[in-house]
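Structure first, commentary second.
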Amino acid sequence: MGYPKKHFWFFLGVWFLVIIGCATSHKVQPGTVEVIKSKVDNSTHIHMEPAWLENTPIKLGLYRNSNMPENDIVLTVLVKGYHIFMWKESLKFNIDRNVEVFTSIDKLEGARTLEEIYGTDRYIFADQTSKLYLIDRSFLERIINANEVYVRVDLQLGFKGGVFSKDGPTLARTGFKKFLITISE
């Protein structure tokens, strides 16, 4: 992969905290692309707020920073509710009838929790579960430009899936297009 192992895990840990923090600290429109310059090491971080696959409980987000190899991009998959992702080959893309399969690059399930209080009872529940995958720029371009793209996330108890190849203000493909333009600048 090109990263020393300790840097890779540090990066994943930080990214995981960023995902959880972003998901809980402020409301940003799905598909919004943010560019942040680090004051620590002058690196540039580009983040696409996870956006929906139409009429599904699945959101897809993207992340890249200037310290990563040039074509590497981290794809975040969020599924509404608490789920256990299959260990290997848990993400599948059907791109114009050609299937691409991905295995997560993180070992832990990421779950964002919400707390609600009803009377004197306090409830904590999982709002969404996430996994990270490594893709490259050419894959990103392929799924953006394809005619039909379907996504399937394999879970321990079944799967969730939906259409990627539709555009809309809060849909994933629209955000992916903005992200590609931003990393191309």
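Residues whose amide H lies under 5 Å from that of Leu91, counting only those 5 or more places away or on a different chain, are Phe102, Asp154; hydrogens are built 1.01 Å from N in the peptide plane. For the range 131-145, 3J(HN,Hα) computed residue by residue from phi via the Karplus equation (6.51, -1.76, 1.60; θ = phi - 60°) reads 9, 10, 9, 9, 10, 10, 4, 5, 5, 4, 4, 4, 6, 5, 8 Hz, glycine and proline entered as x. The label-point distance for Asp127 and Glu141, in a model that sets each label 7 Å from Cα toward Cβ, rounds to 3.7 nm. Placing pseudo-labels 7 Å out from each Cα toward the beta carbon at Asn71 and Ser184 gives an inter-label distance of 1.7 nm.
Between Asp167 and Asn55, the modelled labels are 2.1 nm apart [label points 7 Å from Cα along Cα→Cβ]. Summarising the amide proton neighbourhood of Ala51: residues at separation of 5 or more, or on other chains, whose placed amide H is nearer than 5 Å comprise Gly31, Leu60, Gly61. Mind checking which lysines have their Cα closer than 16 Å to the Cα of Lys107? Skip sequence neighbours fewer than 8 apart in that chain. Within the straight-line limit of under 16 Å, Lys107 reaches these lysines: Lys5, Lys6, Lys88, Lys131. When each of Thr103, Thr174 is scored by the number of other beta-carbon atoms lying within 10 Å, the sequence from fewest to most is Thr103, Thr174. In the range 140-183, whose amide N lies under 12 Å from the spot 7 Å out along Cα-to-Cβ of Asp96? List them in ranges. Inside the label zone: 142-149. The phi torsions of the range 28-42, fed into the Karplus equation with coefficients 6.51, -1.76 and 1.60 and a -60° offset, translate into couplings of 10, 4, x, x, 5, 9, 10, 10, 10, 9, 6, 7, 7, 10, 6 Hz, rounded to whole numbers, with Gly and Pro shown as x.
A short reminder: the numbers here are calculations on the coordinates, not readings from a lab. Computed from a prediction, not measured in an experiment: that's the story for all the values here. Reconstructed Cβ throughout: ideal geometry from the backbone, glycine too, with neighbour counts over all protein chains shown.
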